[in-house]
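Q: Starting off with a structure, shown below.
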Amino acid sequence: MQYHFIANQSQPASGGHTLPVIDPSDGQVYDEIQRGTAEDIDRAVQAARSCFEGPWGKLNAAERGRLMMRLSQKIAEHAEELALIEQRDCGKPTKQARADAAALARYFEFYAGACDKLHGDTIPYLDGYSVLTWREPHGVTGHVVPWNYPMQIFGRCVGGALAAGNVCVVKPSEDACLSLLRVAQLAADCGFPAGAINIVTGYGHEVGDALARHAGIDHISFTGSPRVGTLIEQAAAERHCPVTLELGGKSPQILFEDADLDAALPMVVNAIVQNAGQTCSAGSRLLVQESIYEQVLERLSKAFSLLRVGPATLDLDVGPLIRASQQQRVWDFLADAQVAGIQMVAQGQIVDEAPDTGFYQAPTLLRDVPVDHRLAQEEVFGPVLAAMSFRDEDHAVQLANATPFGLVTGVWTRDGGRQLRMARRVRAGQIFINNYGAGGGVELPFGGYRSSGHGREKGFEALYGFTILKTVAIRHG
Ligand code: NAD
């Protein structure tokens, strides 16, 4: 049985209800989490507020950094344990689960080092004045975390928020929260004061909604679906609470005829099958110049048919999807493709060892997907790659920008001028040229244009969003 983690203590839900924890590899229940309530959120916000006004607020930036560095080291010491927790909870192949634990440690390392490097400015003004700016923390920050990368997304939003001097109330996804409960305990073991990191589990429409509406939350960061992002922003708008939204994408990989295909194609495959395609920055659209379209599809067809899907612990190319409804969602997209006459080029193999009760989906390559079809417009969040061809640079830009999203884009060309022209003309928060980073390292600012959200996470840039700027004008003569 798992409990909320509030004020450095394991606590049951006030309503006395629990939710099952399901292993996506076999669909079986193996643990229980608390089904939190608005009252539990209130308790967590109060604990956070006391911490902010008490021990956390009294730490100076260097002390905060030392504490965060200690947590980074602790996470690294417990990396294998955390990876195993995440693997079972999310259905992640071993390599991915280990990479996620390493990324979590790296986030805390990066933000630990940033704590005492965040500062304001002095501004030239009128004679006899001195003007300075201070970067102050918001106070109590709320974090609604999805199920696809719990540890990584916790690292990026909670790491940044703490570094800027905030305290945190975290609402993980009801589908994947075990690793974060363990990390919060590790933080307490490192000496984080009670209330600095609080975790309240439960349903989004119950505890997530209560968090978004709570008057004591001073800033909210959300990663997940556009639908819920809108609800959170509406709730926050009622009290003018600032919000950072990361809402996924329909990110294109653009292959020009002069691309180095030996380098590009393995990354094209990886960008859509990593984490079974359940990645906000998945390269889910493939735009290929006409002259190399057939050649590229032929090579990708071979690569897709070799991909193997199975239980997380077998550490194959692809694990299961998170839950039955996500699997159904992918099936619905593929059924729509069939109705529209969209041709399937190749599929990977689900291995015999995969239990029928697990939530598996073979990676699927589709060709000539019309630009206005929902497979070219909406996030599938499964291992489905939609390919289409383009004539020239203008046409490539037009297709790349033809969705409501704008999160990440990959451009593959040896032409230096074209690299920069494409980077300027495509509307996306990250552009990778001759590589593709699925969000890149922790150092790289990350976030969307338009329906992919607003605000930036990761890197030093994120710290600005987790602070409020105060201007102090002094007339001294
Ligand atoms: P979701 O948006 O419902 O869930 C994300 C988080 O929001 C979870 O913690 C959930 O509990 C919480 N939540 C849900 N309803 C809420 C509410 N009313 N108020 C506050 N919080 C709430 O996502 P989902 O239903 O799990 O997945 C649906 C689709 O969303 C996926 O197929 C995918 O396209 C997209 N998605 C994107 C990302 C991403 O990284 N950008 C992550 C998860 C899901």
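The values are calculated or read from the model by the stated rules, or taken from the named source; none is laboratory data. In this text, all values refer to a predicted model and were calculated from it rather than measured experimentally. Every residue, glycine as well, gets a Cβ built from its backbone with ideal geometry; the counts of neighbours run over all protein chains shown. Side chains included, ligands, DNA and RNA excluded: accessible areas come from the protein's heavy atoms. Shrake-Rupley method; radii C 1.70, N 1.55, O 1.52, S 1.80 Å.
Q: With contacts defined as alpha carbon pairs under 8 Å and 6 or more residues apart, what's the relative contact order of the stretch 255-315 in percent?
A: 38
Q: On C-alpha positions alone, give me the angle between the axis of helix 94-114 and the longest principal axis of the chain, in degrees, nearest 10.
A: Its long axis makes an angle of about 40 degrees.
Q: Still on this structure, please answer the following. Which of the peptides 176-182, 226-232 is most tightly packed, and how do the rest follow, going by the mean number of other Cβ atoms within 10 Å of each residue?
A: 176-182, 226-232
Q: Sticking with this structure for a sec: Roughly how many debye, to the nearest 20, is the charge dipole of the stretch 4-247 about its Cα centre, given +1 on each Lys and Arg Cβ, -1 on each Asp and Glu Cβ, and no other charges?
A: For the stretch 4-247, the charge dipole is close to 420 debye.
Q: Now for a separate question. Over the stretch 194-246, what lengths in whole Å, largest first, do the semi-axes of the equivalent ellipsoid take, defined as the square roots of 5 times the eigenvalues of the alpha-carbon gyration tensor? Intermediate values should be presented prior to the final figure.
A: Values: eigenvalues 57, 38, 23 Å².
Value: 17, 14, 11 Å, ordered largest first.
Q: From the helices alone, meaning DSSP H stretches of at least four residues, give me the mean residue ellipticity at 222 nm for the chain, per-run term -39500 (n - 2.57), in deg cm²/dmol to the nearest 500.
A: Per the formula, -12000 deg cm²/dmol.
Q: Also, I was wondering about something else. Take every DSSP beta bridge with both residues inside the chain and express the antiparallel ones as a percent of the total, to the nearest 5.
A: Bridges in the chain that DSSP calls antiparallel: roughly 45 percent.
Q: Would you tell me the accessible area of residue 149, worked out with a 1.4 angstrom probe on the heavy atoms of the protein chains, in Å² to the nearest 10?
A: Residue 149 has an accessible surface of roughly 10 Å² with all protein chains in place.
Q: Rule-of-thumb check for the stretch 4-247: C-alpha Rg over 2.2 N^0.38 Å?
A: On the way: Rg = 18.1 Å, N = 244, 2.2 N^0.38 = 17.8 Å.
The stretch 4-247 yields a ratio of 1.02.
Q: Give me a comma-separated list of calculated 3J(HN,Hα) values for the stretch 407-413, in order, Karplus coefficients 6.51, -1.76, 1.60 applied at θ = phi - 60°, integers in Hz, x for any Gly or Pro.
A: Karplus values, whole Hz, x for Gly and Pro: 9, 9, 9, x, 10, 10, 7.
Q: Using alpha carbons only, how many degrees (0 to 90, rounded to 10) separate the axis of helix 290-306 from the longest principal axis of the chain?
A: That helix lies at roughly 80 degrees to the long axis.
Q: Sort out for me the Cα centre separation of the stretch 417-456 from the stretch 208-260, rounded to whole Å.
A: 17
Q: By average Cβ neighbour count within 10 Å, what is the ranking of 387-393, 273-279, 452-458 from highest down?
A: My ranking of the peptides, most packed first, is 273-279, 452-458, 387-393.
Q: Give me, ordered by chain and number, the residues 5 or more places off residue 433 or on other chains with an amide H under 5 Å from its own placed amide H.
A: 411
Q: Could I ask something else about it? If one computes the Cα centroid of the stretch 388-411 and of the stretch 119-175, what distance in Å separates the two points?
A: After rounding, the separation between the Cα centres reads 33 Å.
Q: Dipole of the chain, Cα-centred, from +1 at each Lys and Arg C-beta and -1 at each Asp and Glu C-beta, to the nearest 20 debye?
A: 1160
Q: Can you pull the percent of the stretch 252-444's accessible area that's carbon plus sulfur, 1.4 Å probe, other chains left in place?
A: 48
Q: Lysines near residue 458 by alpha-carbon distance under 29 Å, same-chain residues fewer than 8 away left out - which ones?
A: Qualifying lysines at Cα under 29 Å: 58, 74, 92, 95, 117, 171, 250, 470.
Q: Using a 1.4 Å probe on the protein heavy atoms, what percent of the accessible area of the stretch 4-247 belongs to carbon and sulfur?
A: Here it works out to 52 percent.
Q: Right, next: Please compute the per residue accessible area over the chain with all protein chains in place, 1.4 Å probe, rounded to a whole number of Å².
A: 39
Q: For the chain, what is the convex hull volume of the alpha-carbon atoms per residue, in Å³?
A: 148
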